[in-house]
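See below for the structure under consideration.
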Amino acid sequence: MTQATATQQDQWGDRLPRRLGFWSAVAVLVGSTIGSGIFRTPAVVAGRVPDVPIFLLAWILGAVVALCGALTYAELAAAFPRTGGLYVFLREGFGPLTAFLFGWGELVIIRPGAYGAISIVSAGYAIRVLHSLGLTAMDPSTPVLVIGPVSIAAEQALAAGLIVVVASVNWFGIHRGAILQNLSTALKVFALFALVAIGFALGGPHAVPAMMSQHAPVGLSPFLVAMVAILWAYDGWADLAFVSGEVRDPQRNLPRAIILGTAGVVVLYLGAIFVYLHLIPMSQMGGAQLVAADAAQILLGPVGVVLVGAAVAVSTFGTLNGSMMTAPRIFFALADDGLFPKAIARVSEKNGAPTGAIFLAAALGAVFVLVREFTALADQFVIGIWPFYALGVAAVFILRRRRPDLERPYWTWGYPIVPGLFLLGSVFLLGNYLVSQPLTFAVDVGLILVGIPVYFIWQGFHTANPA
């Protein structure tokens with residue numbers, strides 16, 4: 001018996017050990033969501049939507065879309081508590097080709113983009129803290145390392161190192177990753193809550209009437225493009241499903257953890273947005289790339305920069321760890337089904353970790369973060385994964401019609417309106433990106449569609465050379 005087939009399948013057909021309890025599952029979702037987005041994307045959104053009421057509306061709409069997605073995915077996760085999450089939902093709803101295209105997209109654009117964007121923010125805040133403490137003379141906005149003939153931004157080099165670190169932790173099993181995730185999630189929730197509480201308690205220069213009076217013209221296209229950044233910030237509500245095969249009592253714990261975790265994130269995010277607006281004029285927020293640190297400096301001076309900067313660096317590191325816990329399970333699930341090479345489905349006999357998939361994910365993330373910047377990486381991720389998010393929600397409609405007798409421990413609240421709203425939002429988002437940035441959209445979609453011939457070539461090879 002090889003390592004790839006060493007463990008036995010459970011009643012749902014999964015062979016990774018179920019070691020995550022309810023609160024660890026919540027920590028995975030919250031920790032995967034609260035990361036780079038809320039600490040960096042408000043500046044991006046403010047640059048495109050400089051009107052305060054419309055700015056707030058955009059964040060509220062993002063919250064509605066995330067909650068609609070979470071409520072729908074809770075039904076799918078409870079019905080199919082398998083490793084791979086969205087991959088499994090697509091396979092059950094649309095067949096193996098669509099599921100493979102999702103895995104292929106994760107391989108070539110989606111996951112490298114996520115790892116890169118998250119790790120860059122963690123590295124950026126870490127460098128700013130070191131600079132504030134006088135431990136480095138580098139300007140935190142433009143630090144550069146020179147390695148031989150190659151110049152690499154120190155932010156990017158540190159980001160690649162962080163990817164390697166979280167991969168090493170998860171190499172020794174999901175229980176190790178869960179410990180790190182629980183600690184970092186507790187820290188980031190505390191830091192964000194403290195920033196919100198202190199911000200409102202100490203007050204700021206902008207009372208609500210003055211804050212809401214900051215108006216500027218906003219076009220429909222910039223508004224919808226800004227929604228890409230907002231949905232990046234809220235992204236993470238689907239990540240818990242990727243590790244469904246390692247959650248204990250999954251049909252009870254998964255729906256509760258997905259809904260509770262997403263709702264908690266929404267409350268914290270909207271509170272943080274109000275505090276940012278309370279402290280920083282909209283005209284300045286567009287240039288405040290590290291907006292949480294700027295807000296903390298207004299409240300507490302240089303000490304606030306260090307405290308919040310350190311907390312953000314650690315919390316985004318935790319987000320990176322959460323993504324390293326979840327995403328390799330997609331590659332593992334495809335390899336387990338014979339759609340990726342079997343080496344990627346290798347499971348350590350010692351700790352039950354999918355080591356082949358973890359190595360692949362870490363290598364891709366480390367390479368991409370060295371060659372692309374934050375905004376490009378974030379857009380690459382959102383545009384790559386949202387068509388599949390929409391297909392996953394559409395699978396609820398298909399499976400209710402095709403498999404009415406399927407055991408569903410949880411039924412989507414508000415069906416069919418809630419999943420319908422999510423699909424409507426997805427169409428507007430992706431349609432606007434197609435019109436406003438056709439080249440970027442075409443490149444991302446084209447790279448995913450390359451997976452069609454790859455799928456048939458691999459199927460032919462796999463048939464001719466069975467394992």
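What follows is calculated from the coordinates using simple rules that are stated; it is not laboratory data. What you are looking at is a predicted structure, and each value in this text was computed from that prediction instead of being measured. Quick reminder, even Gly has a Cβ in these numbers, built from the backbone with ideal geometry, and neighbours come from all protein chains shown.
For the reader, a short list of remarks on this structure follows.
- In a reduced charge model with +1 at each Lys and Arg Cβ and -1 at each Asp and Glu Cβ, region 19-464 shows a dipole moment near 720 debye about its Cα centre.
- Among (1) 48.9, 159; (2) 21.5, 70; (3) 21.1, 63, the entry derived from the coordinates for Rg and Dmax of the Cα atoms in Å: (2)
- Between helix 52-79 and the chain there is an angle of about 20 degrees, using the helix long axis and the longest principal axis of the Cα atoms.
- The Phe461 and Gln8 beta-carbon pair, evaluated with R₀ = 41 Å, returns a calculated FRET efficiency of approximately 0.90.
- Converting phi to 3J(HN,Hα) with the Karplus coefficients 6.51, -1.76 and 1.60 and the offset θ = phi - 60°, region 117-128 yields 5, 5, 5, 5, 5, 4, 5, x, 5, 4, 5, 5 Hz in sequence order, with x at every glycine or proline.
- Only helical runs count toward this figure. For the chain, summing -39,500 (n - 2.57) over DSSP H runs of n ≥ 4 and dividing by all residues gives -23500 deg cm²/dmol at 222 nm.
- Listed values for region 165-176 are Karplus-derived 3J(HN,Hα) couplings in whole Hz (6.51 cos²θ - 1.76 cosθ + 1.60, θ = phi - 60°), namely 5, 5, 5, 5, 4, 6, 4, 8, x, 5, 5, 5, and x replaces Gly and Pro.
- Label-zone membership for region 160-200, site Lys350, 7 angstrom Cα→C-beta point, backbone N under 17 Å: 167-177
- Residues Ile344, Ile398, Ile118, arranged from fewest to most other Cβ atoms within 10 angstrom of their Cβ, appear as Ile398, Ile344, Ile118.
- Look at where the Cα atoms of region 73-118 and of region 338-396 average out, and the two centres are 9 Å apart.
- Listed from fewest to most Cβ neighbours within 10 Å, the set Tyr433, Tyr276 follows the order Tyr433, Tyr276.
- Amide H contacts of Val243 (H built 1.01 Å from N, under 5 Å, at least 5 apart or other chain): Gly84
- Extension gain for the segment Ser436 to Leu424, taken as residue separation times 0.36 nm less the Cα-Cα distance, is 2.5 nm to one decimal.
- The phi-based Karplus calculation (6.51 cos²θ - 1.76 cosθ + 1.60; θ = phi - 60°) puts the 3J(HN,Hα) values of region 231-237 at 5, 5, 5, 7, 4, x, 5 Hz, whole numbers, x for Gly and Pro.
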